[in-house]
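Just so you know, all these numbers are worked out from the coordinates, no wet-lab data involved. Owing to the predicted nature of the structure, the values given are computational and were not obtained by experimental measurement. Cβ placement follows ideal geometry from the backbone for every residue including glycine, while neighbour counts extend to all protein chains displayed.
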Amino acid sequence: MRPGSDRARERASMVQLQLIGRGVRDRRLLAAFSVVPREAFVDPAVADLAYDDSPLPIDEGQTISQPYVVALMIEALGVRRGDLVLEVGAGSGYAAAVLSRLADRVYAIERQPALAEAARDRLHRLGYDNVEIRTGDGTLGLPDAGPFDAILVSAGGPAIPQALIDQLAPGGRLVIPVGMPREQRLLRVAKSAGGRVHREDLGQVSFVPLVGRAGWR
């Protein structure tokens, strides 16, 4: 394991080369990526690769997306101070940790109980106390906690779950990969004050399948 000072340098280099170098401009988002320790959210066996420009394995056969993809999705959400955010597909908790530096409160749903418990313990240990991890079917959202100002879906579904659109607050934003397993289009959905929905295509991505009642079975 490399010393903390080396990790800080690797993190700063990741922000400069992988994020700023590819056009990420949100200063608050860049600051969040500069302080969240990605090495704490990956499999310990690959911790020395934490700031590589690639996805990495976590528990239960899942992966953590490359830093740029996480940044691209969160920047598209336009998270503001005071926002209530939902993440579907918490995984190891990395994106939720980044979101917690931007929003007032973050809820994250994880389908696999072991992943959810590990993410919950990790976030608590690292001091991300404005994040709540729930176990369940993320395609159904969290109707008891919404409506949400922003929803991030970190897995690819065949369509946009209607429950997530319904749980967007007026003016809310949703970012989700939609398409076939392993190959999707990244969509940004904006809900107007009057409830109308506008969709924008942000390009091709590749995520693990979104499993659930309104996802892949």
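Which value, to two decimals, describes the C-alpha radius of gyration of region 43-162 once divided by 2.2 N^0.38 Å?
Details: Rg = 13.6 Å, N = 120, 2.2 N^0.38 = 13.6 Å.
Here the answer is 1.00, to two decimals.
Counting only DSSP beta bridges with both residues in the chain, tell me the antiparallel percent, nearest 5. The partial results should precede the final answer.
Working: 17 of 38 bridges.
The answer is about 45 percent antiparallel.
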Between region 58-82 and region 148-217, how many Å separate their Cα centres? 14
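Given 20 °C and 1.002 mPa s, compute D for region 96-217 with the Stokes-Einstein relation, Rh being the Kirkwood radius over Cα pairs; round to the nearest whole µm²/s. Write down the numbers at each step before the final one.
Numbers: Rh = 14.9 Å.
Value of D from the Cα-based Kirkwood radius: 144 µm²/s.
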Place a +1 charge on the Cβ of each Lys and Arg in the chain and a -1 charge on the Cβ of each Asp and Glu, then give the dipole magnitude about the Cα centre in debye, rounded to the nearest 20. 580
Once phi is turned into ³J(HN,Hα) by the Karplus curve 6.51 cos²θ - 1.76 cosθ + 1.60 with θ = phi - 60°, what whole-Hz value does each residue of region 52-66 show in order, with x for glycine and proline? 5, 8, 6, x, 9, x, 10, 6, 6, x, 9, 9, 9, 5, 4
Please report the equivalent ellipsoid semi-axes of region 1-109, computed as sqrt(5 x eigenvalue) of the Cα gyration tensor, largest first, in whole Å. 21, 17, 12
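How big is the C-alpha Rg of region 4-205 next to the rule-of-thumb value 2.2 N^0.38 Å, as a ratio?
Details: Rg = 15.8 Å, N = 202, 2.2 N^0.38 = 16.5 Å.
Region 4-205 yields a ratio of 0.95.
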Is there a quick way to get the dipole size of region 60-187? I mean about its Cα centre, with the Cβ of Lys and Arg at +1 and of Asp and Glu at -1; what is the value in debye to the nearest 20? 260
Where does the charge balance sit around G89 when Lys and Arg score +1, Asp and Glu -1, over other residues with C-beta under 9 Å from its C-beta? -1
